[in-house]
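Comments concern the structure below.
The values are calculated or read from the model by the stated rules, or taken from the named source; none is laboratory data. Note that the structure is a prediction, hence the values are computed from the model and not measured. FYI the Cβ positions are ideal-geometry reconstructions off the backbone, even for glycines, and counts take in every protein chain you see. SASA here: full protein model, heavy atoms, side chains in, ligands and nucleic acids out. Shrake-Rupley method; radii C 1.70, N 1.55, O 1.52, S 1.80 Å.
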Amino acid sequence: MKHYLFNIHDVVLIMTAAECLLLAVFRSILPTRSRHDGHLLAAFLIIIAFASACTLALWSDQITFNSWVEQNLMPALLVTALLLKGPAIYLYVCSLTRRDFSFTPRMALHIVPAMFAILWITAFDISSSDLRYTPDPGQTLPAKAVTLVWDLVSVMPFLYAAAALHQIRRYRHELNDEYSDYSEMELNWLTMPVLGVCITWAWTATVHIVAKFSSDYVADYMGIIDNYFSFVLINAFFAYNLTYAQRLLATSPETEIRKSVPEDGEPSEWNIEKVRNAMEVDKLYLKKNLNLEQFSERADLPVKEVSAVINKHFGTNFFEYVNSYRVETAKALLSNPDKSEMTVLDVLLESGFNSKSAFHRFFSRLVGMSPTEFRKNALSGGIKRGAANA
């Protein structure tokens, strides 16, 4: 009769731990940027490897250690890994989306939940057997202490994943404040695995809640599904880091300075006129890949003054402001019978756009129809020339 040491679900945990360690080593020998994203991704992978290995050791009857390691050390290792994976993914996203990212003493606060959990486990002498125990209503204080540990390791990673999503959203706003052209592909590909982590860790929290009110059988299988999700996501993160992470645009540290301008401080008429002349006379919007720093140099105004004019006086961001001029130029070209030989590609390049997809998306949003439809209507008389140039 055959005897199997591990079942398929155990094998998934073993594969996750082994692959995470291999990918972490591989990531550490690859060239990396001056920022710390490569090291933080390697740290995240190592933490997931430890969490998977400790989960396997905790729940598998086939793996045994000496009594002290199994009952005392294993709970501390497992809880620490589970509580550090959240900060690791959050700091990884920050390293990708902040030009001025660096390790500071303040970041030590991210390990406080793990330190608290270790002290809590030590104070109540929580063992591996205690962590495997499902408490019943009317539980004693030590059992409640175990529940608090599981509450912490279930909720904290999700909160960090949500914070990472918020950081990506903030980064997108910063790009709009600083660039007139940028590819959203890299940002979207970063959002997907982080969103996947957020959903997976929300699922983990849900499993924890369900376990309190349902049978062990249901909770166990929900937890097994969680392990499969983790295996898929670590591959997604590594693939993203190799393919797209190096292409993300850096945002300027001055962004925070620009946002610190008092809300009640209105830009001067002189500054407003200089920004307007830079667009309407110098036609800076025709420069491809124009960013805020380049614009401020050409307009002979400090970056924060240009930003204040665009944000407060014109009520928009740099991306929207520049591309609205480009769309108006494109509308004039598309509605001009003398320019009918120009292709849509010629028009978008002539208008200052650098991306066909960005041009179509932005034009359709502002005008309400595609460039091809607009040209057809304009040249057939469906749109008056004056309206086309409005």
task: Report yes if Ala308 is surrounded by 15 or more Cβ atoms within 10 Å (Cβ to Cβ), touching a Ser or Thr at 6+ places or on another chain (Cβ under 6 Å) and without any contact (Cβ under 8 Å) to a residue 60 or more places away in the chain, otherwise no.
output: no
field: Answer from Pro142, Pro105, Pro157 - the residue that is free of Cβ contacts under 8 Å to residues at least 60 places away in the same chain and in contact with a helix residue (DSSP H, G or I) (Cβ under 9 Å, 6 or more places away or on another chain)
entry: Pro142
- request: Using the structure shown, decide if Phe158 is open to solvent by 20 Å² or more (accessible area, probe 1.4 Å), over 30 Å from Asn66 (Cβ atoms) and not in a loop (DSSP other than H, G, I, E, B).
  value: yes
field: Conditions (1) open to solvent by 40 Å² or more (accessible area, probe 1.4 Å); (2) within 28 Å of the chain's Cα centre (by Cα); number of the one not met by Glu297
entry: (2)
message: Can you find, within the range 350-385, the residue that is modelled with the lowest pLDDT among those that are open to solvent by 70 Å² or more (accessible area, probe 1.4 Å) and aliphatic (A, V, I, L, M)?
response: Leu379
- prompt: Here are some conditions: (1) open to solvent by 10 Å² or more (accessible area, probe 1.4 Å); (2) under 30 Å from the mean Cα position of the chain (by Cα). Val344 meets all but one. Which one does it not meet?
  reply: (2)
message: Residue under question is Leu165, and the condition is that it be of a type outside the set (D, E, K, R) and open to solvent by less than 30 Å² (accessible area, probe 1.4 Å); does it hold?
response: no
- prompt: Taking the range 168-186, which residues are closer than 16 Å to Phe318 by Cβ and among the hydrophobic types (A, V, I, L, M, F, W, C)?
  reply: Leu175
statement: The lone condition Thr191 fails out of (1) more than 30 Å from Asn291 (Cα to Cα); (2) of a type in the set (Val, Ile, Thr); (3) at pLDDT 75 or above is (1)
message: Cβ-Cβ under 6 Å, sequence separation 6+ or interchain: first residue in the range 279-301 and closer than 13 Å to Tyr321 by Cβ, partner surrounded by fewer than 14 Cβ atoms within 10 Å (Cβ to Cβ) and hydroxyl-bearing (Ser, Thr, Tyr). Which pairs?
response: none
